[in-house]
Amino acid sequence: MPEQELEIPGRIAIIMDGNGRWATTRGMNRIDGHREGEKAITDTVRAGIDLGLEALALYAFSTENWKRPKEEVDFLMRFNKELLDLRVDEFHERNVMIRFIGRSEGLPAFLWDKMVETMELTGGNTGMKLNVAYNYGGRAELVDAAKRIAAEVAAGELDPADIDEDTVAAHLYAPDVPDYDLFIRTAGDVRVSNYLLWELAYTELVFIPILWPEFRREHLMQAIEEYNRRTRKFGALI
Ligand code: IPE
Ligand code: IPE
Ligand code: MG
């Protein structure tokens with residue numbers, strides 16, 4: 001389908017997977033795969049801006065990724081700080097609002113400080129919302145929402161009888177970004193790995209068998225083409 005005829009899904013969530021496999025199949029260190037993944041991240045964010053996306057979510061570090069060897073975890077923390085140093089100014093100039101979704105606990109101060117600085121710098125931008133899921137877990141997000149709702153009930157600000165789906169949605173990490181339209185996971189695994197469990201309830205899931213370091217704008221367009229072949233029914237009849 002010609003690109004100009006495609007319906008562009010406004011909100012896209014990506015699991016960037018396969019960095020380790022990209023490296024090990026080449027006899028390299030897993031860390032080299034993460035490094036190589038930077039090109040894909042930059043290309044994808046630029047493409048998202050060009051396409052006029054409302055929101056792009058990238059899964060960069062999960063609450064489960066702490067189980068990896070310490071050297072890899074330490075590298076990822078440093079590397080994410082480096083990435084921000086490298087790209088924040090460009091994305092800020094392009095009016096991107098960068099936000100980190102996830103828990104701050106456990107993150108090294110050098111990274112968390114940079115994240116806060118980035119959110120403060122770009123928080124007023126009105127272009128694409130870039131939600132970087134970092135120390136993020138979908139279950140943790142729902143637990144955190146439940147705690148905040150419970151605190152409001154305990155403070156007498158909220159009647160439990162009034163809690164509905166909108167209440168939960170309003171207490172998520174990025175309450176201004178409603179459900180995602182398109183989910184993309186690279187590298188061949190067909191699972192959601194604790195990503196956006198609430199927000200993906202009716203999202204179209206597309207799996208692209210390309211390792212993340214090789215993912216480029218053309219693969220994003222392939223996923224968007226697949227999205228255009230889907231019929232979204234939301235439980236109704238069409
Ligand atoms: C995704 O690539 C990046 C992170 C989870 C940080 P992986 O590191 O999971 O790569 P594979 O799945 O081992 O190939
Ligand atoms: C999901 O990928 C997390 C990120 C991409 C940051 P994983 O590679 O950690 O997920 P599993 O272990 O294959 O489910
Ligand atoms: Mg993986």
Within the range 166-220, can you find the residues that are hydroxyl-bearing (Ser, Thr, Tyr) and buried (at least 22 other Cβ atoms within 10 Å of the Cβ)?
Tyr180, Thr186, Tyr195
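Residues are listed down the side, and each one gets a yes or a no for (1) assigned to a strand (DSSP E or B); (2) on the phi < 0 side of the Ramachandran plot; (3) of a type in the set (Phe, Trp, Tyr); (4) touching a His at 6+ places or on another chain (Cβ under 7 Å):
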{"position": "Ile149", "(1), (2), (3), (4)": "no, yes, no, yes"}
{"position": "Asp176", "(1), (2), (3), (4)": "no, yes, no, no"}
{"position": "Arg185", "(1), (2), (3), (4)": "yes, yes, no, no"}
{"position": "Ser193", "(1), (2), (3), (4)": "no, no, no, no"}
{"position": "Val206", "(1), (2), (3), (4)": "yes, yes, no, no"}
Qualifying residues in the range 59-83 (those that are within 15 Å of Leu130 (Cα to Cα) and assigned to a helix (DSSP H, G or I)) - the one farthest from ligand 2 (Cβ to nearest atom):
Leu83
Which residues, counting only those in the range 103-139, are on the phi > 0 side of the Ramachandran plot and open to solvent by 30 Å² or more (accessible area, probe 1.4 Å)?
Gly106
Please pick out the residue among Asn29, Asn80 that is within 11 Å of ligand 1 (Cβ to nearest atom) and either free of Cβ contacts under 8 Å to residues at least 40 places away in the same chain or not basic (Lys, Arg) (or both).
Asn80
In the set Gly102, Gly10, the lone residue that is within 14 Å of ligand 1 (Cβ to nearest atom), within 18 Å of the chain's Cα centre (by Cα), among the small types (Gly, Ala, Ser) and under 30 Å from Arg148 (Cα atoms) is Gly102
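Yes or no, residue by residue, for (1) without any contact (Cβ under 8 Å) to a residue 40 or more places away in the chain; (2) hydrophobic (A, V, I, L, M, F, W, C); (3) more than 13 Å from ligand 2 (Cβ to nearest atom):
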position	(1), (2), (3)
Met16	no, yes, no
Val45	no, yes, yes
Ala57	no, yes, no
Asp89	yes, no, yes
In the range 211-222, what count of residues is obtained for those that are in contact (Cβ under 8 Å) with a residue 60 or more places away in the chain and away from ligand 2 (no atom under 14 Å from the Cβ)?
5
Taking the condition of being in a helix (DSSP H, G or I) and closer than 20 Å to Pro9 by Cβ, how many residues in the range 159-174 meet it?
1
Name, by its number, the condition in (1) assigned to a helix (DSSP H, G or I); (2) open to solvent by less than 20 Å² (accessible area, probe 1.4 Å); (3) more than 10 Å from ligand 1 (Cβ to nearest atom) that does not hold for Leu86.
(2)
Being of a type in the set (Val, Ile, Thr), closer than 24 Å to Pro2 by Cβ and open to solvent by 20 Å² or more (accessible area, probe 1.4 Å) is the filter here, so list the residues in the range 221-238 that pass it.
Thr231
In the range 58-80, residue most open to solvent (accessible area, probe 1.4 Å) [restricted to those that are hydroxyl-bearing (Ser, Thr, Tyr) and more than 25 Å from Arg94 (Cα to Cα)]
Thr63
Have a look at Asp179, Asp164 and point out the one that is of a type in the set (D, E, K, R) and touching a Phe, Trp or Tyr at 6+ places or on another chain (Cβ under 7 Å).
Asp179
Of all the residues that make up the range 6-57, how many are within 16 Å of ligand 3 (Cβ to nearest atom), crowded, with 16+ Cβ neighbours inside 10 Å and not small (Gly, Ala, Ser)?
14
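The values are calculated or read from the model by the stated rules, or taken from the named source; none is laboratory data. None of these values were measured; they are calculated from a predicted model. FYI the Cβ positions are ideal-geometry reconstructions off the backbone, even for glycines, and counts take in every protein chain you see. With ligands, DNA and RNA removed, areas are computed over all heavy atoms of the protein, side chains included. Shrake-Rupley method; radii C 1.70, N 1.55, O 1.52, S 1.80 Å.
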